[in-house]
Structure formats: C-alpha cells, structure tokens
Amino acid sequence: MNRSKRSPFIDLRPGAMLAPGALIDARSLSISYGGPNVLVDVDLTVEAGDLIGIVGPSGSGKSTLLRALLGAVPPTVGEVNRQSGLSVGLVPQVENIDWNFPVTVGECVGMARARGLRTPWITKSERAMIESVLERLGLHGLADRHIRDLSGGQQQRVFLARALYTDAEVIFLDEPTSGLDVKTRHDVLHLLDDLNRDGLTVVLTTHDLNGIAAHLPTIVCLNQRVVGAGRPEDVLVPDVLEQTYGSPMEVLEHGGMRVVVDAPRTSPMLGSA
Amino acid sequence: MMLAVTWAELLKPFEFEFFRNGLFVATIAGALCGVVGCYVVLRNMSYIGHGLAHAVFGGYAAAGLLGINLFLGAGIWGVITALGVTSIVRRRPIGSDAAIGVITTASFALGLALVQLYGSPGRNADALLFGNVLGVNSSDVWLISAVSVFAIAVIMGFYRPLLFTTFDAEVAGATGIRTGLIDALLMVLLSATVLATMSVMGVTLIAANLVIPAVVARMLTDSFGRMLGYAAVIGAFSGFVGMNASYHLDVASGPTIVLVASLLFVVAFAAGGRLRQRAGAVGHAH
C-alpha cells in the first residue's frame with residue numbers, strides 16, 4: 001500500500017502490526033523517483049535501543065532508505081510503519097550545511113523545536129534547557145558562537161544537539177563522519193555510543209567500513225536490496241561485501257576487529273596491489 | 001543643488017497631511033521590507049522579490065480595467081504569481097530563474113500594455129513605477145498597517161518553522177515541518193508586502209528595499225534574530241530619511257529611499273573586513 005504524499009508522517013495505521021520493541025518497520029519496500037527503482041524489496045526493522053549502520057556504495061540507496069524510515073519519502077511499493085507518536089530527528093551531512101547562514105549555535109539548536117513554547121524567541125528558561133543539551137554534548141558555553149566558528153566535530157555535534165533538543169527517540173544521521181579527521185571521527189563514534197547506551201536509538205549511513213561500521217553492533221549492507229544484515233562478524237565477510245560493492249574485498253582480523261581491504265589485483269597494468 | 005537647509009525648512013513638510021501619510025508608509029514599509037527581505041535574501045530569492053513586484057503591476061492594471069478593487073485585484077494576482085513561482089522552484093522542470101523571468105515579466109508587460117491602452121488606474125504610471133509621496137493616500141496607510149500586523153502575526157506564529165525551513169529545508173521537511181505550507185505563507189506575505197509598498201517605492205525599486213536592508217543587517221551580525229531587528233531598523237531609517245530627501249530634492253521617493261539604503265551599505269562595507277566577509281556570505285543580491 002502506498003503512503004500518501006501529502007502526509008508522509010502517518011503513524012501506525014489501524015490494523016497494521018509492529019513486532020514488540022519495534023519502532024519502525026519497513027516491509028517489502030521499493031522506491032522509485034520515476035525511473036528505475038532506487039530501493040528494491042527492502043525489509044528492515046528498527047527496534048528501541050538499536051544502533052544501526054547502513055553501508056553501501058554511492059547510489060546504493062542509503063540516503064533514500066534513511067529518508068523512507070523517517071517518513072520523508074513515500075514508498076512506491078510496500079510500506080513503512082512506525083510506532084504511534086514516535087519522535088524522530090535527522091542530522092544532515094555537514095557538507096550540505098550553509099555555514100554562512102546567520103545563525104548562532106543556540107538559535108540552531110532551538111529552531112527545530114516548535115511545540116510547547118510560549119514565545120517564538122529563546123527565553124531565559126529555554127536557554128537553560130539548550131545549554132543543558134549543549135553541555136551533554138561537550139558544547140558548553142558555545143551558544144552565542146556562529147556555527148561557522150566551531151571545529152568540525154563541534155559542528156557535527158551542534159546538529160546532533162538540534163535533533164536531541166526535539167526529544168527525538170530515534171536519530172538518523174546521514175554520513176556523520178564524512179569530512180572529519182580520524183580523531184574527530186573517533187569522538188563522534190564514542191558520543192553516539194554513549195547516547196545509545198543512554199537509550200537513544202540511532203540509525204546512520206556511512207561509507208566508512210573500518211572507521212565506523214565495523215564498530216557498530218548492527219550493520220545493514222545495501223545495494224538497492226539488503227545484501228546482508230546483522231553483527232559485523234556475520235556481515236563483514238568477503239561474499240556479502242563483494243555483492244554489496246561489486247568488487248572483491250578481503251577481511252582481515254586485527255586486534256579482535258574486522259578490517260576490510262580491497263582484494264589484491266593481478267592486472268598486468270597495475271601489477272599486484 | 002543647495003543642501004544647506006534650515007530647521008524650519010526641514011520641518012515644513014510635516015505640516016502637510018500627504019507628507020505625514022507618505023512618511024508613515026515609507027517608514028513602516030521600510031521596516032516591513034527589511035524583515036521580509038531577510039527571508040528573501042537568505043533563501044537566495046531576491047529575483048523572486050524583484051519579479052513579483054513587476055507581476056503585481058500587471059495585476060494592478062488588470063484590476064483597474066475590470067473595475068474591481070485595485071488592491072484586492074493586485075493582491076490576488078500577486079499571490080497567484082508567487083505560488084506559481086514557488087511551485088516551479090520546488091519542481092524545477094526548467095531553470096527557476098528563467099521561469100520567474102517569464103512569468104513575472106510577462107505580467108509586467110501586460111500591465112504596461114494595459115496602462116498605455118486604457119490609462120493608469122488610480123494614480124499615474126510614473127508613480128506606480130518609481131513611487132511618489134503625492135500618491136500616498138489614507139488607504140495606503142491602512143493597507144501598510146494591516147499588512148504589518150499580518151507580518152508580525154506570521155513571523156511570531158511561525159518564527160521557528162520559518163527559520164528552520166529557510167536554513168535547512170530538507171531536514172525541516174524530513175522531520176515533520178510542512179515546508180510547502182511555510183513557503184506558501186512566506187509568498188503570501190511577500191506579495192502583501194510588495195503590494196503595500198508599491199505606492200512609495202514603485203514597482204521597479206521594491207526589490208532594493210527588500211534586499212539592501214537585509215544585506216546590511218547580515219553584515220552587522222551573525223545572529224538570525226538580531227538580523228531581523230537590524231534590518232527593520234535600517235529599512236525604517238532608509239524610508240524615513242529617503243522620504244524627507246524626496247520632498248526636499250523634488251525627486252521620486254523610490255530612488256531617494258534606495259539611495260539612502262545604498263549609502264548605509266557602502267558605509268557598512270567600508271567599515272571593515274569582517275563585515276565584508278559577511279557581505280560575501282549573503283546570497284546573490286539582484
């Protein structure tokens with residue numbers, strides 16, 4: 001059954017069933033933007049407390065799946081059900097942000113919250129609430145700074161703070177570590193892990209198999225279809241990776257972690273890589 | 001021209017009701033355009049503001065010909081044009097700037113043709129095109145007052161969704177904000193602002209009143225809330241001083257108001273590197 005384009009935020013329809021603990025459930029989901037399908041027959045359930053990484057090559061449908069789970073893209077075929085009244089937040093790619101837009105950190109965090117407010121502007125009491133969220137994410141005292149005047153990791157955390165400030169139960173992050181250095185990437189990963197341990201459900205997309213995906217409890221390998229889903233040790237295997245990325249890959253063990261590398265090539269032009 | 005005038009000469013025009021009306025409308029219109037212009041500029045929609053002003057002229061002329069209320073006819077015409085433009089911008093079947101150019105200039109051309117064929121309804125064509133303090137009457141005062149109340153209600157009522165949609169439309173839409181509704185609301189507000197400002201600014205110069213105060217305000221602050229406030233003050237100041245200059249220099253009010261605002265831009269631009277950096281951050285100003 002197709003979802004109405006006018007109201008993509010329909011909660012669980014009467015008669016639809018969600019498994020116990022499930023917050024969002026995609027069933028036989030296919031999506032097309034008028035041409036070939038971007039997603040084909042995807043089944044995916046997001047449960048409370050999940051920390052899921054969606055991986056796949058460019059054009060594999062990662063961002064589309066993220067937006068379909070959010071309810072922002074209607075299914076062409078299949079359905080996405082979500083728990084009634086579920087609050088969700090989206091953290092965009094930092095590359096898509098207009099860093100010259102005149103907005104302070106405090107204004108940025110406050111802009112997404114519209115309900116339960118007496119005034120459109122940020123009052124003293126609301127400022128204290130925003131400071132509390134900023135402090136939780138290590139951004140204490142930065143509310144009056146312009147968003148451009150922050151480090152890469154701080155910028156990423158401002159948008160995480162914006163999503164948290166809406167009391168989101170599920171947060172979606174689109175390539176959260178794209179463009180970040182190794183140390184900052186590490187910090188963001190630890191922050192997401194801490195938030196997840198505090199009860200926040202997190203779904204993210206990433207290109208970074210070794211830096212991010214291998215550290216997550218659940219990985220979904222996507223190439224229009226779900227090629228594999230589960231724990232890293234079950235999913236980060238050569239067969240699944242080759243089907244996902246379309247080229248041979250090897251998986252090495254290092255310090256108890258799985259490390260994905262390109263399989264050696266034997267082309268006479270390139271020699272052995 | 002001799003610019004040295006006495007205090008009494010400066011205050012003389014205040015004796016005339018038409019001038020007091022014009023000054024009131026120009027000052028309030030400046031503040032209104034300043035605030036609405038912040039959204040227009042930050043969305044890189046300066047061209048829509050410019051085009052819409054021209055489109056409203058067509059509606060004004062057509063309403064005069066059809067014998068219906070000029071403001072109502074022009075307002076409805078403007079809203080329809082604005083919503084049409086928004087729809088094109090969202091769907092992008094062709095370049096949005098080209099589509100805006102076609103729709104709004106066609107409407108302007110229609111207005112010019114109708115004015116030449118049947119005469120200008122209500123006021124002369126020069127006043128409509130370039131603004132004229134003599135063209136301001138009590139209905140303009142009521143109109144600008146009503147539109148200002150409407151603008152305050154819209155901006156207060158939808159402050160955060162408007163900001164969120166202006167800053168980050170995709171995420172706003174993905175997390176539940178009805179961005180189409182917000183865009184439409186802004187277009188209605190923009191149409192009403194253009195209509196209410198037409199008498200003092202003239203259709204050809206309204207875009208400057210929308211853009212310049214917002215750009216100068218952007219140069220002065222990195223905060224969105226403060227930008228709105230600064231733009232309102234800069235717009236009101238430009239309107240007040242420009243209208244006085246219009247009387248004393250015997251020049252149409254639209255150009256003098258724009259020149260005052262432009263002078264403020266030059267001062268702010270010359271003031272320092274940080275301000276210039278912010279000026280470069282503002283989207284293209286038409």
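Throughout, read-outs are computed from the coordinates displayed, never taken from laboratory work. The shown structure was predicted, so the numbers you read here are calculated from the model rather than taken from an experiment. As a convention, Cβ positions derive from the backbone with ideal geometry for all residues, glycine included, and neighbour counts pool all protein chains shown.
Partners of A:LYS183 within straight-line reach, counting aspartates and glutamates whose Cα lies under 17 Å from its Cα and excluding those fewer than 8 residues away in the same chain: A:GLU175, A:ASP193, A:ASP194, A:ASP208. Computed over the Cα atoms of chain A, pair by distinct pair, the Kirkwood hydrodynamic radius stands at 20.0 angstrom. Taking Cβ atoms as reference points and 12 Å as the exclusive limit, the residues near A:LEU134 contribute a net charge of +2, counting Lys and Arg as +1 and Asp and Glu as -1. Among the helices of chain B, those built from whole DSSP H runs whose Cα atoms reach 15 Å or more along their own axis and whose mean Kyte-Doolittle hydropathy is at least 1.6 are B:138-157, B:179-201, B:206-220, B:253-271.
For the residues of A:165-178, the average number of beta carbons from a partner chain within 10 Å of their own beta carbon is 1. Among the residues of A:66-75, the average count of other protein chain beta-carbon atoms within 10 Å of the residue beta-carbon is 2. Which residue fluctuates most in the GNM of chain A (Cα springs below 10 Å): A:HIS186, A:HIS254, A:HIS207? Most flexible of the set in this elastic network: A:HIS254. Stokes-Einstein, applied to the Kirkwood radius of region A:16-103 over Cα pairs at a viscosity of 0.890 mPa s and 25 °C, places its translational diffusion at 170 µm² s⁻¹.
Highest GNM mean-square fluctuation among B:THR193, B:THR256, B:THR175, for chain B modelled with Cα contacts below 10 Å: B:THR175. For region A:246-253, 3J(HN,Hα) computed residue by residue from phi via the Karplus equation (6.51, -1.76, 1.60; θ = phi - 60°) reads x, 8, x, 9, 10, 10, 10, 9 Hz, glycine and proline entered as x.
Karplus-based coupling profile of region A:74-79, in residue order and whole Hz: x, x, 7, 9, x, 8, with θ = phi - 60° in 6.51 cos²θ - 1.76 cosθ + 1.60 and x standing for Gly or Pro. Cα-Cα pairs above 34 Å in region B:22-281: how many percent? Beyond 34 Å sits 13 percent of the P(r) for region B:22-281. Inter-chain Cβ neighbour count for B:160-166, averaged per residue, equals 5 (cutoff 10 Å, partner chain atoms only). Size estimate for region B:102-242 follows the Kirkwood approach: the inverse of mean 1/r over distinct Cα pairs works out to 17.0 Å. Membrane-span-like helices in chain A, defined here as complete DSSP H runs extending at least 15 Å along the helix axis by their C-alpha atoms with mean Kyte-Doolittle hydropathy no lower than -1.0, are A:124-136, A:152-165, A:182-197; this is a sequence and geometry rule, not a statement about a membrane. Structure remark: mean-square fluctuation, Gaussian network model of chain A, C-alpha springs under 10 Å; the largest value among A:THR119, A:THR166, A:THR76 belongs to A:THR119. Computed as a quarter of the hull surface, the mean projected area of the alpha carbon convex hull for the protein assembly as shown stands at 32.6 nm².
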